[in-house]
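Novice: There's a structure below that I have some questions on.
The values are calculated or read from the model by the stated rules, or taken from the named source; none is laboratory data. All of these numbers come straight from a predicted model, not from anything done at the bench. Here the Cβ positions follow ideal geometry from the backbone for every residue, glycine too, while neighbour counts run over all protein chains shown. In case anyone asks, the SASA skips ligands and DNA or RNA and just uses the protein heavy atoms, side chains included. Shrake-Rupley method; radii C 1.70, N 1.55, O 1.52, S 1.80 Å.
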Amino acid sequence: MTNIATPILLGALLCLTAIPGATAQTAKKPIDDAIVEKYLASTFSKAPPEWQSRIKPDETLAACNKFRNEVPPAEAEKIVARETAKVKFPADGKLMGDWKSGAKIANEGRGNQFSDPPGTTAGGNCYACHQMEAAELSYGTLGPSLTGYGKAWKNDPEAIKRAYAKVYDSQSQVACSNMPRFGANGVLTEAQIKDIIAFLFDPQSPVNK
Amino acid sequence: MNRTAAVVAACGLTALALLWGRPTQAQDAAEKEIERYRAMISDPMSNPGYLAVDRGENLWQEKRGSKNVSLEGCDLGLGAGKLDGAFAKLPRYFSDADRVMDLEQRLLWCMQNLQGLDTKDVVARRFSGPGKASDMEDLIAFIANKSNGMKIDVSLSHPREQEAAAVGEEMFYRRGGVNDFSCATCHGEEGKRIRLQGLPNFSKPGQAARETMASWPTYRVSQSAVRTMQHRLWDCYRQQRWPIPEYASDGITALTVFLQKQAAGGEINVPSIKR
């Protein structure tokens with residue numbers, strides 16, 4: 001990484017914890033909720049009950065939906081507090097696992113689609129939205145670049161802890177973040193999250209080369 | 001200045017913009033290669049989607065159902081059998097069905113009510129696959145093609161059409177599923193990508209919305225099939241990790257009304273050809 005890119009990346013990292021994951025849309029209510037529910041029922045009510053329960057918004061998502069992610073400050077505080085309480089750090093205190101396994105999880109896009117066979121282990125699909133190791137050109141731009149992440153943070157233990165919490169539950173850091181709540185929603189296991197954190201922070205990981 | 005803007009300014013959006021706005025040379029090369037591929041496959045003379053147009057014409061004229069009549073008496077909004085420009089104005093409210101319908105819903109309605117056809121088999125074959133032809137894909141290709149050169153002009157005069165547009169907008173922003181995704185998660189901003197795939201912004205009317213909606217139905221090279229907007233939205237909900245949406249349901253049509261509204265004025269050229 002060049003000397004110019006380092007402060008840019010640090011800027012991006014700071015922003016990561018501060019920008020509500022939102023578009024510039026302001027909240028507006030063009031139509032009665034009951035009517036929307038009726039349409040949703042006509043479209044999804046034949047799906048299995050466990051699938052239908054997944055689109056019933058919890059308290060946090062109901063607020064994000066209501067304000068199209070641009071929640072007022074008081075609501076944002078409530079969300080961050082509520083989601084912070086959901087974050088479970090590993091009992092053994094170790095936040096980093098195997099970066100090689102993390103690299104695979106970051107590349108794996110399967111899991112939790114109705115086309116996936118039951119029992120499919122979900123990946124994190126990180127590359128869909130983030131640049132990670134510099135050699136991988138097929139990366140998305142919905143989220144900030146994470147290339148050189150661990151190096152930029154000089155493996156600061158607090159940064160590692162924040163990153164773990166962010167992957168576990170993005171909204172513990174930013175109310176209505178666009179990023180999935182991987183741990184809180186049961187998409188990724190504790191072991192998988194540890195491996196992703198290792199992929200981001202391990203000095204041997206290609207993310208930091 | 002609102003809260004978000006203040007936060008953004010404070011933490012240096014300029015730095016972010018610099019980082020995101022400057023693709024690497026390798027990235028540029030990859031994008032150029034994709035563009036070259038798109039240009040290569042978009043030659044209409046070699047677009048297999050036009051075979052579906054021909055098959056669709058035969059299906060439109062074929063006598064079927066208990067009443068043994070063709071679909072030529074079907075009113076797609078401009079009068080019985082009038083095809084030119086009908087697709088450009090769909091979805092719309094049909095008083096005989098008392099429902100806002102997209103082209104697929106309307107065809108199913110005509111099959112049932114005009115032809116007396118049991119549509120169970122047609123619906124089972126709604127999306128083609130290996131050894132499984134789809135009447136709907138062929139019919140949509142034929143009928144939509146009759147709006148080529150015309151502009152998307154979705155009707156929003158009837159209260160039910162306005163309701164559908166408003167519900168569609170709400171659905172666009174509604175987050176859910178284990179990944180908390182909405183349509184807007186991916187299609188709410190300009191110039192974003194998933195992996196290397198560019199994402200049209202549908203959060204406001206614009207060129208990306210017009211070009212996208214005006215190029216469906218399309219022949220998908222990767223799937224060797226003509227795909228309709230019903231299939232596109234089914235696939236979006238799949239990737240959104242939502243439940244399977246019901247084919248030809250009011251929610252999908254509402255979403256389509258909203259998308260057509262954002263795409264108003266887009267010049268239709270279909271079936272297009274895509275990756």
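Novice: Mean separation of Cα pairs under 8 Å and 6+ residues apart, divided by the residue count of the range B:92-196: what relative contact order is that in percent?
Specialist: Relative contact order, the range B:92-196: 18 percent.
Novice: To continue, here is another question. Which residues' amide hydrogens lie under 5 Å from the amide hydrogen of B:PHE181, considering only partners 5 or more residues apart or on another chain, with H built in the peptide plane?
Specialist: Close amide H contacts, sequence-distant or interchain: B:GLY176.
Novice: Now for a separate question. Counting partner chain Cβ atoms within 10 Å of every residue's Cβ in A:63-69, what's the average?
Specialist: Per-residue shielding by partner chains comes out at 4.
Novice: So for B:LYS146, A:LYS46, what's the accessible-area order with a 1.4 Å probe, most first?
Specialist: Of B:LYS146, A:LYS46, the descending order of accessible area is A:LYS46, B:LYS146.
Novice: Then there's this: When Cβ neighbours within 10 Å are restricted to other protein chains, what is their mean count per residue of peptide B:187-198?
Specialist: Across the residues of B:187-198, the mean count of other-chain Cβ atoms within 10 Å is 5.
Novice: Roughly how many Å is it from the Cα centre of the range B:54-93 to that of the range B:104-151, as a whole number?
Specialist: 9
Novice: Given a Förster radius of 22 Å and the C-beta distance between B:LYS32 and B:GLN223 as r, what FRET efficiency does 1/(1 + (r/R0)^6) yield to the nearest 0.05?
Specialist: The computed FRET efficiency comes out at 0.35.
Novice: Report relative contact order for chain B in percent, whole number only (criteria: Cα-Cα under 8 Å, sequence separation at least 6).
Specialist: In percent, rounded to a whole number, it is 22.
Novice: Where the centre of each part is set by its Cα atoms, how far does the range B:191-225 sit from the range A:31-69, in angstrom?
Specialist: 25
Novice: In whole Å, what three semi-axes, largest first, describe the equivalent ellipsoid of the protein assembly as shown built from its Cα gyration tensor (square root of 5 times each eigenvalue)?
Specialist: After scaling each eigenvalue by five and taking roots: 43, 24, 21 Å.
Novice: Note down the net charge around B:ILE273, summing +1 for each Lys or Arg and -1 for each Asp or Glu among other residues with Cβ under 12 Å from its Cβ.
Specialist: It works out to a net charge of +4.
Novice: Only Cα pairs within less than 10 Å get springs; with that Gaussian network setup on chain B, which residue of B:HIS231, B:HIS187, B:HIS158 has the largest fluctuation?
Specialist: Ranking B:HIS231, B:HIS187, B:HIS158 by mean-square fluctuation puts B:HIS158 first.
Novice: Something else: What is the dipole size for the protein assembly as shown, taken about its Cα centre, with +1 at each Lys and Arg Cβ and -1 at each Asp and Glu Cβ, in debye to the nearest 20?
Specialist: 560
Novice: A further question follows. Evaluate the distance, in nm, between pseudo-label points positioned 7 Å from the Cα of B:SER70 and of A:GLU77 along their respective Cα→Cβ axes.
Specialist: Computed distance between label sites B:SER70 and A:GLU77 equals 7.0 nm.
Novice: Take every Cα pair under 8 Å in the range A:99-208 that's 6+ residues apart, average their separations, divide by the length, and report that relative contact order as a whole percent.
Specialist: Computed over the range A:99-208, the figure is 32 percent.
Novice: Shifting gears a bit: What fraction of the Cα pairs in chain B, stated in percent, has a spacing above 25 angstrom?
Specialist: Counting every Cα pair in chain B, those more than 25 Å apart make up 50 percent.
Novice: Could you list, bin by bin from short to long, the percent of Cα-Cα pairs of the range A:99-208 in 10 Å steps?
Specialist: That works out to 15, 49, 32, 4, 0, in percent per bin.
Novice: List the pairs from A:LYS86/B:LYS204; A:LYS100/B:LYS204; B:LYS82/B:LYS120; A:LYS38/A:LYS194; A:LYS100/A:LYS161 whose alpha-carbon separation is above 30 Å, in the order I gave them.
Specialist: A:LYS86/B:LYS204; A:LYS100/B:LYS204; A:LYS38/A:LYS194
Novice: Between helix A:190-201 and chain A, what is the angle of the helix's C-alpha long axis to the longest principal axis, kept within 0 to 90° and rounded to the nearest 10?
Specialist: Helix A:190-201 and the main axis of chain A meet at about 50 degrees.
Novice: Still on this structure: With the calculation restricted to Cα positions, what are the radius of gyration and Dmax of chain A in angstrom?
Specialist: For chain A, the Cα radius of gyration and maximum Cα-Cα distance read 18.2, 56 Å.
Novice: If you don't mind, there's one more thing I want to ask. Looking at the protein assembly as shown, what % of its DSSP beta bridges pair antiparallel, to the nearest 5?
Specialist: Close to 80 percent.
Novice: Taking Cα atoms, how many degrees apart are the long axis of helix A:33-44 and the longest axis of chain A, rounded to 10 and kept between 0 and 90?
Specialist: 70
Novice: While we're looking at this one, here's another question. For B:LYS192, what residues show an amide H to amide H distance below 5 Å, using hydrogens built from the backbone and excluding near sequence neighbours?
Specialist: Distant-sequence amide H within range of B:LYS192: B:LEU199.
Novice: Now, a different point. Ranked from the most accessible area to the least, with a 1.4 Å probe and all protein chains present, what is the order of B:TRP216, A:TRP99?
Specialist: My answer, sorted largest first, is A:TRP99, B:TRP216.
Novice: On a 0 to 90 degree scale, rounded to 10, what angle separates helix A:157-168 from the longest Cα axis of chain A?
Specialist: 30
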